[in-house]
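Have a look at the structure that comes next, please.
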Amino acid sequence: MSFQEWMDSEKLQQLQDAFCDITDIVAYCVDDSMTAITRLSGKASAVERAGKYVDSPQVQALLERVEDGSLEEQVNEELDDGAGRAAVIAVKA
(Lines give C-alpha, C1' and ligand atoms only; values in the text may rest on other atoms or scores of the structure.)
Protein backbone atom coordinates (compact mmCIF):
# COMPACT_ATOMS: atom_id res chain seq x y z
CA MET A 1 0.00 0.00 0.00
CA SER A 2 1.39 3.39 -0.95
CA PHE A 3 1.27 6.36 1.40
CA GLN A 4 -1.13 8.15 -0.94
CA GLU A 5 -3.53 5.19 -0.63
CA TRP A 6 -3.28 5.37 3.15
CA MET A 7 -3.67 9.15 3.59
CA ASP A 8 -5.03 11.84 1.30
CA SER A 9 -2.26 14.30 0.35
CA GLU A 10 -4.42 17.31 1.33
CA LYS A 11 -4.97 15.85 4.82
CA LEU A 12 -1.22 15.25 5.09
CA GLN A 13 -0.65 18.87 4.02
CA GLN A 14 -2.99 20.09 6.77
CA LEU A 15 -1.21 17.98 9.41
CA GLN A 16 2.19 19.14 8.17
CA ASP A 17 1.09 22.80 8.19
CA ALA A 18 -0.12 22.49 11.80
CA PHE A 19 3.05 20.65 12.90
CA CYS A 20 5.28 23.29 11.31
CA ASP A 21 3.30 26.10 12.93
CA ILE A 22 3.68 24.50 16.37
CA THR A 23 7.36 23.53 16.04
CA ASP A 24 8.58 26.54 14.01
CA ILE A 25 10.25 24.37 11.35
CA VAL A 26 9.94 24.12 7.57
CA ALA A 27 8.99 20.74 6.11
CA TYR A 28 7.74 18.94 3.05
CA CYS A 29 7.16 15.28 2.20
CA VAL A 30 8.31 13.21 -0.76
CA ASP A 31 7.38 9.71 -1.84
CA ASP A 32 9.79 6.85 -2.45
CA SER A 33 10.59 8.20 -5.93
CA MET A 34 11.55 11.60 -4.40
CA THR A 35 8.45 13.29 -5.85
CA ALA A 36 6.99 15.96 -3.56
CA ILE A 37 3.60 14.99 -2.14
CA THR A 38 3.23 18.16 -0.03
CA ARG A 39 4.22 21.78 -0.42
CA LEU A 40 6.73 23.44 1.90
CA SER A 41 5.12 24.38 5.22
CA GLY A 42 6.26 26.88 7.82
CA LYS A 43 6.53 30.60 8.36
CA ALA A 44 6.56 32.50 5.07
CA SER A 45 10.05 33.98 5.50
CA ALA A 46 11.50 30.58 6.45
CA VAL A 47 9.70 28.83 3.57
CA GLU A 48 11.14 31.38 1.16
CA ARG A 49 14.67 30.77 2.48
CA ALA A 50 14.28 26.99 2.58
CA GLY A 51 12.79 26.87 -0.90
CA LYS A 52 16.12 27.63 -2.51
CA TYR A 53 17.68 24.56 -0.88
CA VAL A 54 15.03 21.95 -1.71
CA ASP A 55 16.54 21.05 -5.08
CA SER A 56 20.15 21.73 -4.08
CA PRO A 57 22.70 18.94 -4.60
CA GLN A 58 23.32 18.81 -0.85
CA VAL A 59 19.67 18.23 0.08
CA GLN A 60 19.20 15.78 -2.78
CA ALA A 61 22.23 13.82 -1.48
CA LEU A 62 20.67 13.76 2.01
CA LEU A 63 17.42 12.41 0.55
CA GLU A 64 19.33 9.68 -1.28
CA ARG A 65 21.24 8.75 1.89
CA VAL A 66 18.06 8.17 3.89
CA GLU A 67 16.32 6.45 1.00
CA ASP A 68 19.17 3.95 0.83
CA GLY A 69 19.06 3.40 4.61
CA SER A 70 17.46 0.59 6.60
CA LEU A 71 13.96 0.56 8.08
CA GLU A 72 14.20 4.13 9.41
CA GLU A 73 16.92 6.69 8.82
CA GLN A 74 17.62 10.32 9.61
CA VAL A 75 20.29 12.84 8.68
CA ASN A 76 20.84 16.34 10.07
CA GLU A 77 23.61 18.50 8.60
CA GLU A 78 24.81 22.09 8.47
CA LEU A 79 24.08 23.60 5.05
CA ASP A 80 27.18 24.12 2.93
CA ASP A 81 26.77 27.91 3.00
CA GLY A 82 26.31 27.99 6.79
CA ALA A 83 22.80 29.46 6.48
CA GLY A 84 21.17 26.80 8.68
CA ARG A 85 20.63 23.07 8.93
CA ALA A 86 18.86 20.50 6.80
CA ALA A 87 17.27 17.41 8.31
CA VAL A 88 15.89 14.48 6.33
CA ILE A 89 13.90 11.62 7.83
CA ALA A 90 12.72 8.45 6.07
CA VAL A 91 10.11 6.06 7.37
CA LYS A 92 9.67 2.84 5.45
CA ALA A 93 7.05 0.13 5.72
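Ignoring everything except DSSP H segments at least 4 long, calculate the 222 nm mean residue ellipticity for the chain; use -39,500 (n - 2.57) per segment, divide by total residues, nearest 500.
After summing the helix terms and dividing by the residues of the chain, the value is -12000 deg cm²/dmol.
Here is a further query. Please calculate how many Å² of accessible area the chain carries per residue, with a 1.4 Å probe and no DNA, RNA or ligand atoms counted.
With all protein chains present, the chain gives 70 Å² per residue.
Here's a follow-up. Using each residue's phi in segment 59-65, evaluate 6.51 cos²θ - 1.76 cosθ + 1.60 at θ = phi - 60° and report the 3J(HN,Hα) Karplus result to the nearest Hz, with x for Gly and Pro.
These are the phi-based 3J(HN,Hα) values: 5, 4, 5, 5, 4, 5, 4 Hz.
Select from segment 1-80 those GluC sites (Glu not before Pro) which occupy a DSSP coil region and have at most 16 other Cβ atoms within 10 Å, ordered by residue number.
none
Which residue, G69, V91, G42, has the largest displacement toward the positive end of the dipole of the chain when charges sit on each Cβ (Lys, Arg +1; Asp, Glu -1)?
Selected residue: G42.
Taking the simple approach of a point 7 Å from Cα along Cα-to-Cβ for both A18 and E73, what is their distance in nm?
3.1
Moving on. Mind putting a number on the dipole of segment 9-82 about its Cα centre? Charges go on the C-beta only, +1 for Lys and Arg and -1 for Asp and Glu, and I need it in Debye to the nearest 20.
Its charge dipole is roughly 360 debye.
Rounded to a whole number, what % of the accessible area of segment 35-83 do carbon and sulfur atoms account for, probe 1.4 Å?
48
OK, next. If you take all C-alpha pairs in the chain, what percent of them are over 24 Å apart?
18
The values are calculated or read from the model by the stated rules, or taken from the named source; none is laboratory data. Fair warning: this is a prediction, and the values are worked out from it, not measured in the lab. Neighbour counts run over all protein chains shown; Cβ positions are idealised from the backbone, glycine included. For accessibility, only protein heavy atoms count, side chains too; no ligands or nucleic acids. Shrake-Rupley method; radii C 1.70, N 1.55, O 1.52, S 1.80 Å.
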